[in-house]
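A.B. asks: This is the structure, below, for whatever I ask next.
Every read-out reported here was derived from the displayed coordinates using simple, explicitly stated rules and does not represent laboratory data. Remember, predicted model here, so these are calculated numbers, not experimental data. Quick reminder, even Gly has a Cβ in these numbers, built from the backbone with ideal geometry, and neighbours come from all protein chains shown.
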Amino acid sequence: MVKLYSISKKKYALIISSALNGFLTMMVTAFLGIFTSDILVKEKLFFALVYLVIPVVPYLVLRKLRFIDDIDITKRKQRPLFFTIVYILYGIAYWIVLKKYGVCEFSNVALCLFVAQFVLSVVNYFWKMSGHMTFAVVMFSTICYLFRNKLLLLLFLFVPLLAWSRVILRKHTVAQVVLGTITSLIECILIYGSFC
C-alpha cells in the first residue's frame, strides 16, 4: 500500500510539474504581455515569435550538442550556459521593446522576464534554484498585474503545489524552491508595484 501511494504521489507531482513547466510559464508570461498590449497585430505576431524562439532555439541547439540532458535541465552544471544565453536574449528583447514603446505594461513584462532570468542565471552559477518556481510566480504575478482583479491572487495557491511537486520529484530541495519563489516575487513587486 505504501509503494502504491508513493507511485501515485509521484504521478500527481509529475502532472503538476509538467503543467507549470518553466518553458511554458516563461512563454505564457511573454504572450500575455504581448497580446494584451496596444501594439499592432503584425508587431504582436513578431514579438510572439521572438519570445518563442528565445528559450526554444538555444535549448534545442545545446541539447543537440549534448550540453543539456533533459527538458528540466536538472543538472546544475548544465544550467549556466543556457540560462545566460536566454537572459542575454531577453535583455536585448527588453531593450528593443523599451526603445520602441517606452515604459508600458508590455515593457514591464519584458523587464520582469529579463530580471527573473538574470537572477536565475547568476544563482545557478553557484547553486541550484528552481526555474519552475521562478517563472510560475512571474506568470501568476503578470496575470494579476495585467488584469488587476483581486480574485486572480488565488492563482498563488498553485505555488505550494508546484513546490511540493519539485521536491517530491527530487528535482529540487525545499530551499531551492523557496529561493525561486521569493526572488521572483520580490522582482515582480519591484517591477509591477502592487498586482491588483
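A.B. asks: Does the stretch 54-83 hold any residues that are over 25 Å from residue 96 (Cβ atoms) and among the aromatic types (Phe, Trp, Tyr), and which are they?
C.D. replies: Of the stretch 54-83, the ones over 25 Å from residue 96 (Cβ atoms) are 63-79.
Of everything in the stretch 54-83, just one residue is over 25 Å from residue 96 (Cβ atoms) and among the aromatic types (Phe, Trp, Tyr), namely 67.
A.B. asks: Moving on. Has the stretch 76-89 got any residue that is touching a residue at least 60 places away in the same chain (Cβ under 8 Å), buried (at least 19 other Cβ atoms within 10 Å of the Cβ), closer than 21 Å to residue 24 by Cβ and in contact with a Phe, Trp or Tyr (Cβ under 9 Å, 6 or more places away or on another chain)? Show your work before the answer.
C.D. replies: Of all residues in the stretch 76-89, those touching a residue at least 60 places away in the same chain (Cβ under 8 Å) come to none.
No, the stretch 76-89 has no match at all.
A.B. asks: State all residues of the stretch 155-177 that are within 27 Å of residue 145 (Cβ to Cβ), touching a residue at least 40 places away in the same chain (Cβ under 8 Å) and not hydroxyl-bearing (Ser, Thr, Tyr); if no residue qualifies, say none.
C.D. replies: 158, 161, 162, 164, 166, 172, 176, 177
A.B. asks: Being assigned to a loop (DSSP other than H, G, I, E, B) and farther than 11 Å from residue 183 by Cα is the filter; apply it to the stretch 116-138 and report the residue that is nearest to the chain's Cα centre (by Cα). Outline the logic, then answer.
C.D. replies: Taking the stretch 116-138 and keeping what is assigned to a loop (DSSP other than H, G, I, E, B), we get 127-130.
This time we only want the ones that are farther than 11 Å from residue 183 by Cα, so: 127-128.
Values: 127: 18, 128: 15 Å.
Ranking the candidates gives 128 first.
A.B. asks: Let me ask something else about it. Please state which one of 109, 103 is in a loop (DSSP other than H, G, I, E, B) and closer than 15 Å to residue 191 by Cα.
C.D. replies: Values: 109 fails: in a loop (DSSP other than H, G, I, E, B).
Only one candidate qualifies: 103.
A.B. asks: Looking at the stretch 65-91 only, could you name the residues that are basic (Lys, Arg) and assigned to a loop (DSSP other than H, G, I, E, B)?
C.D. replies: So the first thing to find is which residues in the stretch 65-91 are basic (Lys, Arg), and the list is 66, 75-77, 79.
Listed by number, the residues that qualify are 66, 75.
Conditions tested, residue by residue: (1) surrounded by 16 or more Cβ atoms within 10 Å (Cβ to Cβ); (2) in contact (Cβ under 8 Å) with a residue 12 or more places away in the chain; (3) of a type outside the set (A, V, I, L, M, F, W, C).
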position	(1), (2), (3)
51	yes, yes, yes
57	no, no, no
91	yes, yes, yes
97	yes, yes, no
101	yes, yes, yes
125	no, yes, yes
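A.B. asks: For residue 151, work out the one condition from (1) surrounded by fewer than 16 Cβ atoms within 10 Å (Cβ to Cβ); (2) in contact (Cβ under 8 Å) with a residue 40 or more places away in the chain it doesn't fulfil.
C.D. replies: Unmet condition: (2).
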